[in-house]
Amino acid sequence: MASGAEAVLFWCLAPLMVIAALGLVLARKAVHATLCVVFVMVCLAVLYVAQEAPFLGIVQVVVYTGAVMMLFLFVIMLVGVDASDSLVETIRGQRLVGWLLGLGLGAVLVGVLGRVAFPEGVGLEVANEVTNPVGLARILLSDFVFALEIVGILLVTAAIAALTLTHKQRLTARVGQKEMADARVAGGGSLTPLPAPGVYAQRNAMDVPALDAQGRPLESSVSRVLRVRGQERSAPVDPQIRRLDDPGPAGPAVDPPARTTEEES
Amino acid sequence: MDLSNYLVLASVLFTIGAATVLLRRNAIIVFMGIELMLNASNLAFVTFARMHGDLTGQVVAFFVMVVAAAEVVVGLAIIVSIFRTRGSASVDDANLLKS
């Protein structure tokens, strides 16, 4: 049934898919887990094409990797990249029980599959004779036409539900540019924009904080996202530059302005 | 190569998806575990369609995909609205009904 080339494809893809799927369980960061799932979805599309289901393979790429997983990425960016899992167990022993149940389920499923004798595969050469999409459409629009209508209604309902669920009723007055500027002046904070990152004379990088006039690094000059992800670098310390408030080993950092001779006279 | 290898792969993927639902707290990752389970069942459907020479399995897999897309839209909308009101996407923090 399955040719040798298909076996090679399967044995190349299947371990990679399992590893990527394990990444979903084990990855600490939500973005990494999402990318692992995207990889699994693309590999599944390849397997569908190999299994004589080219239409489903293309739908898999378009719907899953193209729409669903990108929606997941959008929501992760919306909810916050720094939203990571807590490691505190609310129910005692939940993690252990979860692992045991997962392994048990896997053992049961694989064990059952190992005991079943499947018939020799028929293959889809006959069913796919007029190309696979046409064959699918014949079944979809004859036996399953009512289900297709229901699914159409379901999709419209889901779209409206998403709109109403995420709709925010405006309860307060609209905050425009003028109101924001007034609030900033009234708040008494910094009126100017935050300082730009980077120590320009030596470096030009987003993750290096800028130095203020006294040579101290400015915390607020590095983006919040970089700080949360722990990718902030410390400001470079140049031994040639001494801070103004640091007396240093050799007296004051800045000599007092030299008196001119005519002032003395 | 036997076609049941595909079924074993599908059941392994299903197990990993179920373990994700049981083990992770982030609601988005739990949701991706559900997606992984749906995809594993799709792979089984496609394999059975090929095994029996009948395209109905592929049609059912197609319906699963459509329903999964609708489910993702509603589920993510719920997660976003919970995050807006409670400031967290962890499934442990969503205990409004309890208190």
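Given the condition more than 7 Å from chain A (Cβ to nearest Cβ) and farther than 28 Å from A:ALA107 by Cα, answer yes or no: does some residue in region B:22-35 qualify?
Scanning region B:22-35, I find no residue that is more than 7 Å from chain A (Cβ to nearest Cβ) and farther than 28 Å from A:ALA107 by Cα, so the answer is no.
What single numbered condition from (1) modelled with pLDDT under 80; (2) more than 30 Å from B:VAL73 (Cα to Cα); (3) part of a helix (DSSP H, G or I) fails to hold for A:PRO239?
(3)
Listed residues B:VAL66, B:VAL30, B:VAL21, B:VAL60; which is farther than 28 Å from A:GLY123 by Cβ and without any contact (Cβ under 8 Å) to a residue 24 or more places away in the chain?
B:VAL21
Return yes when A:SER221 is open to solvent by less than 90 Å² (accessible area, probe 1.4 Å), at pLDDT below 85 and either touching a Leu at 6+ places or on another chain (Cβ under 7 Å) or at positive phi (or both) and no when it is not.
Judged against the criteria, A:SER221 is a match.
Which members of region A:8-18 meet the condition of being open to solvent by 20 Å² or more (accessible area, probe 1.4 Å) and either assigned to a loop (DSSP other than H, G, I, E, B) or facing chain B (nearest Cβ under 10 Å) (or both)?
Result: A:VAL8, A:LEU9, A:TRP11, A:LEU13, A:PRO15, A:VAL18.
For region A:108-125: of the residues being assigned to a loop (DSSP other than H, G, I, E, B) and of a type in the set (Val, Ile, Thr), which is farthest from the other protein chains (Cβ to nearest Cβ)? Even if it seems obvious, please write down each step before you answer.
Taking region A:108-125 and keeping what is assigned to a loop (DSSP other than H, G, I, E, B), we get A:116-125.
Next, only the ones that are of a type in the set (Val, Ile, Thr) stay: A:116, A:122.
Values: A:VAL116: 8, A:VAL122: 3 Å.
Checking each candidate, the answer is A:VAL116.
Considering region B:50-60 alone, what residues qualify as being buried (at least 18 other Cβ atoms within 10 Å of the Cβ), at the interface with another protein chain (Cβ under 7 Å from one of its Cβ atoms) and either among the β-branched types (Val, Ile, Thr) or within 17 Å of A:VAL59 (Cβ to Cβ) (or both)?
Correct list: B:ARG50, B:LEU55, B:GLN58, B:VAL59.
Quick one: would you say A:PHE55 is open to solvent by 50 Å² or more (accessible area, probe 1.4 Å) and either closer than 25 Å to B:LEU9 by Cβ or part of a helix (DSSP H, G or I) (or both)?
yes
Just one of (1) closer than 16 Å to A:PRO15 by Cα; (2) in contact with a strand residue (DSSP E or B) (Cβ under 8 Å, 6 or more places away or on another chain) trips up B:ASN5, so point out which.
Against the list (1) closer than 16 Å to A:PRO15 by Cα; (2) in contact with a strand residue (DSSP E or B) (Cβ under 8 Å, 6 or more places away or on another chain), B:ASN5 comes up short only on (2).
Give the residues of region A:126-144 that are at the interface with chain B (Cβ under 8 Å from one of its Cβ atoms) and not in a helix (DSSP H, G or I), sorted by residue number.
Those that are at the interface with chain B (Cβ under 8 Å from one of its Cβ atoms) and not in a helix (DSSP H, G or I): A:VAL126, A:ALA127, A:ASN128, A:ASP143, A:PHE144.
If you go through region A:21-56, how many residues are at the interface with chain B (Cβ under 9 Å from one of its Cβ atoms) and either of a type in the set (D, E, K, R) or closer than 26 Å to A:GLY123 by Cα (or both)?
Total satisfying the criteria: 10.
Which condition number does A:ARG184 fail, the rest of (1) free of Cβ contacts under 8 Å to residues at least 12 places away in the same chain; (2) surrounded by fewer than 10 Cβ atoms within 10 Å (Cβ to Cβ) being met?
(2)
Being modelled with pLDDT under 90 and open to solvent by 30 Å² or more (accessible area, probe 1.4 Å) is the filter here, so list the residues in region B:66-80 that pass it.
B:ILE78
Just to be sure before I move on: is B:PHE63 among the aromatic types (Phe, Trp, Tyr), open to solvent by less than 40 Å² (accessible area, probe 1.4 Å) and within 7 Å of chain A (Cβ to nearest Cβ) in the structure I sent?
Criteria met by B:PHE63.
Please go through (1) open to solvent by less than 20 Å² (accessible area, probe 1.4 Å); (2) closer than 30 Å to A:VAL130 by Cα for A:ALA67 and return the number of the only condition it doesn't satisfy.
Condition not satisfied by A:ALA67: (1).
The values are calculated or read from the model by the stated rules, or taken from the named source; none is laboratory data. Everything quoted here is computed from the prediction, not taken from an experiment. Glycine also receives a Cβ, built like all others from the backbone with ideal geometry; neighbour counts cover every protein chain displayed. Quick note on the areas: whole protein, heavy atoms, side chains included, nothing else; ligands and nucleic acids left out. Shrake-Rupley method; radii C 1.70, N 1.55, O 1.52, S 1.80 Å.
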